Amino acid sequence: MTADEARSEEMNMERTLGDASRSGLRQVDVTKLIDNSTRKSLPITVAVICFLAIVFDGLDSALFGTVLPVLMKDMKMGPAEAGILASIGHIGAVGGAVLFGVAADSIGRKRMLLIGITVFTVFTAACGLSQGFIDFAIYRFIAGIGLAGIVPIAVALVFEYTPGKRKAVVSSASYMGIGVGVLLSALLSIAFLSTAGWRAILIGTFFCIVLVPVAFLWLPESMSILVKKRKKDRIRKILMRVDPRFISDVNDEYVLNEPPASKVPLTRLFQGGYARNTFFLGTALHCLMMIAVTLTTWVAHLMVQRGFTLATGITFILVFSVSNFISTPLAGWMADRVGYKKVFAIYMPILFVSISLIGIVQDPFAALICMFFAGFAVLGATCLLLPYAGSLYPMSFRSSAMGVIYAIGRIGPIIGPAIAGVMLAAEMRVPLILIFMAAPSIVALVAFLLVKDGPSQVVAQQETSLVTDPLHV
């Protein structure tokens with residue numbers, strides 16, 4: 001580190017640490033300290049753990065799709081029943097997203113994340129022990145409740161602990177975990193489905209539980225919770241990880257750059273400047289998740305319908321997930337330069353055209369290329385949406401906001417696979433089904449373009465300025 005850089009850090013620290021005019025005690029603005037930090041170890045730790053947690057979302061969505069053809073045969077289910085079974089986990093996720101989001105802002109994001117991971121892994125593994133449609137549906141429903149508590153909370157934690165200048169890029173990169181989960185599900189199915197069977201694969205997901213002790217030991221709690229509950233010792237330990245040069249005092253008062261809410265203001269998400277964005281962000285995510293989950297659930301079966309082998313059908317899911325490793329970094333890089341909305345406007349037409357062509361082109365390799373671009377567009381756009389949403393809401397109820405948006409989004413995977421199952425049962429042609437799958441991309445584009453940056457941020461600033469708080473700098 002150069003002398004100028006060291007001096008710059010010292011000046012940042014001086015701006016962060018001030019003397020309170022009323023109490024005479026030193027105030028430490030923890031938000032500024034984190035945003036100005038140049039130490040990478042804590043942000044990387046948070047990002048990696050949350051990335052691994054987000055992997056479960058992709059694993060859940062795609063793993064069911066990869067085992068679905070064998071599962072249908074083993075349990076003697078028709079397409080309509082299988083579509084309902086695919087959707088029921090997402091029904092649990094709708095209520096779970098709101099429940100976990102509100103609880104995270106009330107009692108702790110870390111605690112609720114650990115609960116979500118535990119519930120998801122235990123009941124996903126239990127699906128491998130099910131003996132029929134009913135108990136499989138019950139296990140999958142409960143697993144969906146736990147899964148819903150993972151992604152919004154994980155993204156919120158990454159957004160909170162990443163220094164200001166890298167928030168968008170790192171938050172978007174952490175969302176790549178969904179693509180990794182999709183990739184992992186395809187690899188597991190290719191490697192073990194024909195030999196070990198679908199039950200062994202689902203039971204094997206219980207090994208994901210190892211992330212719980214890892215997160216318990218190394219993942220920090222949200223600062224908004226710690227400041228609200230005045231957990232000074234825990235705040236000091238975290239700030240030492242943020243900046244080892246930070247010297248605490250027993251009389252320090254720890255504050256945020258916005259006052260923490262005394263209770264979770266869930267109704268505020270649907271009032272004033274927040275209402276518009278909550279609705280349109282939820283609608284856009286609803287459409288994207290409907291497309292991604294419906295496509296990964298049914299594409300292997302649809303390709304078998306077109307005359308391809310099951311292995312080729314699973315390869316479509318593999319190609320879908322691989323595209324994420326290109327689309328997500330590119331989307332984050334482009335968003336930093338041209339803005340979120342322009343990137344979205346590029347990705348949505350690609351999504352519509354590529355999915356539509358999957359059912360039309362005759363050559364398997366050409367169809368795989370179309371699947372690649374479908375994954376490229378939908379995963380790249382999705383990885384931008386939640387971090388973007390996180391930037392529009394105050395820290396005090398960011399988890400609640402993202403939980404509600406995620407809950408609205410989760411309605412899409414409930415509807416999509418079930419509708420596709422009904423279409424298959426009605427013996428509709430595969431190209432027509434895929435065009436129906438692609439159509440929500442147009443709705444997502446319109447909804448995202450109607451989101452407003454200004455009102456939410458202005459409302460937040462006005463509300464903050466009207467609050468008298470002796471700990472606020």
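Side notes on the structure shown:
- The set of residues in region 390-425 being in contact with a His (Cβ under 6 Å, 6 or more places away or on another chain) and buried (at least 24 other Cβ atoms within 10 Å of the Cβ) consists of G409, R410, G412, P413, I414.
- Residue pairs whose Cβ atoms lie under 6 Å apart, sitting 6 or more positions apart in sequence or on different chains, and linking a residue in region 165-189 that is touching a residue at least 40 places away in the same chain (Cβ under 8 Å) to a partner that is aromatic (F, W, Y), are K167/F159; S171/F159; S174/F51; G177/F51.
- Selection within region 222-240 - closer than 18 Å to R39 by Cα, within 28 Å of the chain's Cα centre (by Cα) and surrounded by fewer than 18 Cβ atoms within 10 Å (Cβ to Cβ): K237
- Close pairs from region 28-54: first in contact (Cβ under 8 Å) with a residue 60 or more places away in the chain, partner aromatic (F, W, Y) and in a strand (DSSP E or B), Cβ under 9 Å, at least 6 apart: V28/Y254; D29/Y254; V30/Y254
- Cβ-Cβ distances below 6 Å connect the following pairs, each with a first residue in region 289-307 that is over 17 Å from C370 (Cβ atoms), a second residue that is hydroxyl-bearing (S, T, Y), and a separation of six or more residues or different chains: V293/S61.
Yes/no per residue for (1) over 20 Å from the mean Cα position of the chain (by Cα); (2) aliphatic (A, V, I, L, M); (3) open to solvent by 40 Å² or more (accessible area, probe 1.4 Å):
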| position | (1), (2), (3) |
| --- | --- |
| G83 | yes, no, no |
| A86 | no, yes, no |
| A93 | no, yes, no |
| D105 | no, no, no |
| M112 | no, yes, no |
| I115 | no, yes, yes |
| F120 | no, no, no |
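- Count of residues meeting criterion [touching a helix residue (DSSP H, G or I) at 6+ places or on another chain (Cβ under 7 Å) and at pLDDT below 80] in region 336-353: 1
- Residue, nearest to V255 (Cα to Cα), within region 13-32, restricted to residues that are open to solvent by 10 Å² or more (accessible area, probe 1.4 Å), at pLDDT 50 or above and within 33 Å of the chain's Cα centre (by Cα): T31
- Neighbours by Cβ (under 7 Å, 6+ apart or cross-chain): first from region 106-134, within 11 Å of L147 (Cβ to Cβ); second in a loop (DSSP other than H, G, I, E, B): G116/G149; G116/I150; I117/I150; F120/I150
- Given (1) modelled with pLDDT under 90; (2) open to solvent by 50 Å² or more (accessible area, probe 1.4 Å); (3) closer than 15 Å to L157 by Cα, number of the condition F216 does not satisfy: (1)
- Test result for I350, open to solvent by 40 Å² or more (accessible area, probe 1.4 Å), over 19 Å from F436 (Cα atoms), out of contact with any Ser or Thr (no Cβ under 8 Å at 6 or more places or on another chain) and part of a helix (DSSP H, G or I): no
- Subset of region 280-305 that is among the aliphatic types (A, V, I, L, M) and open to solvent by 30 Å² or more (accessible area, probe 1.4 Å) - its residue that is farthest from the chain's Cα centre (by Cα): V304
- Region 306-342 - residue that is of a type in the set (S, T, Y) and outside any helix (DSSP H, G or I) and, of those, surrounded by the fewest Cβ atoms within 10 Å (Cβ to Cβ): T309
- All positions within region 144-174 that are in a helix (DSSP H, G or I), in contact with an Asp or Glu (Cβ under 7 Å, 6 or more places away or on another chain) and buried (at least 24 other Cβ atoms within 10 Å of the Cβ): L147, V151
- Scanning region 176-208 for residues that are open to solvent by less than 40 Å² (accessible area, probe 1.4 Å) and more than 16 Å from I44 (Cβ to Cβ) yields a count of 17.
The values are calculated or read from the model by the stated rules, or taken from the named source; none is laboratory data. No experiment lies behind these values; they were computed from the predicted model shown. When we count neighbours, we look across all protein chains shown, and the Cβ atoms used for this are built from the backbone with ideal geometry, even at glycine. For the accessible areas, the whole protein counts, side chains as well, though only heavy atoms, and no ligand, DNA or RNA atoms are used. Shrake-Rupley method; radii C 1.70, N 1.55, O 1.52, S 1.80 Å.
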